[in-house]
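One structure below.
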Amino acid sequence: MSARIVRVDAYNVAVQELRDVESRQGGKKTGEVRKEWMDAGYYGHRLEWAAESALFQSLKVDSPITKETIKQAVAQIVKETKACLGRKLWAKN
């Protein structure tokens, strides 16, 4: 599962998960499934708690936690978080 850390405002952060959502039209399910970022937790000013939560949510269930799986999860979180914040914030000066 993909997770990312988002800024809620100038001081606070939250974690979002990329989840499957079934589309609806006129209150009825259409059978079409799309991916959508959904809030998974609000952490206030505690960025370290958000990072731990995002890491935990990014690890696969029923898989061993290894150095490599942690590295892969962190790389995915960083990628999704950078995309959320916009590339201009990460450009080298």
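The values are calculated or read from the model by the stated rules, or taken from the named source; none is laboratory data. As the structure is a computational prediction, the values presented were derived from the model and not from experiment. All Cβ positions, glycine included, derive from the backbone under ideal geometry; neighbour counts span all protein chains shown. Please note that ligands, DNA and RNA were not included when accessible areas were found on the heavy atoms of the full protein model with its side chains. Shrake-Rupley method; radii C 1.70, N 1.55, O 1.52, S 1.80 Å.
If you take every residue apart from Val8 with its C-beta less than 15 Å away from the C-beta of Val8, what net charge results, scoring Lys and Arg +1 and Asp and Glu -1?
In short, +1.
Please report, as a whole percent, how much of the solvent-accessible surface of the chain comes from carbon and sulfur atoms (probe radius 1.4 Å).
Carbon and sulfur atoms account for 54 percent of the accessible area of the chain.
Taking the Cβ of Tyr42 as the center, what net charge do the other residues with Cβ under 12 Å away carry, scoring Lys and Arg +1 and Asp and Glu -1?
0
Pairs on different chains or at least eight residues apart, Cα atoms closer than 15 Å: how many lysine pairs in the chain fit?
4
Rounding to the nearest 10 and keeping the result within 0 to 90°, find how far the Cα-based axis of helix 47-58 lies from the longest principal axis of the chain.
50
For a quick protection proxy, order the peptides 71-78, 26-33, 50-57 by their average other-Cβ count within 10 Å, most packed first.
Final packing ranking: 50-57, 71-78, 26-33.
In the Gaussian network model of the chain, springs joining C-alpha atoms below 10 Å, which of Arg46, Arg24, Arg34 carries the largest mean-square fluctuation?
The residue with the greatest mean-square fluctuation here is Arg24.
Which of (i) 23, 17, 9; (ii) 25, 19, 14; (iii) 20, 14, 12 is the computed semi-axes √(5λ) of the Cα gyration tensor in Å for the structure on display?
Of the labelled values, this structure produces (ii).
So how much accessible area does Asp39 have, in Å² to the nearest 10, using a 1.4 Å probe?
Taking all protein chains as shown, Asp39 has close to 110 Å².
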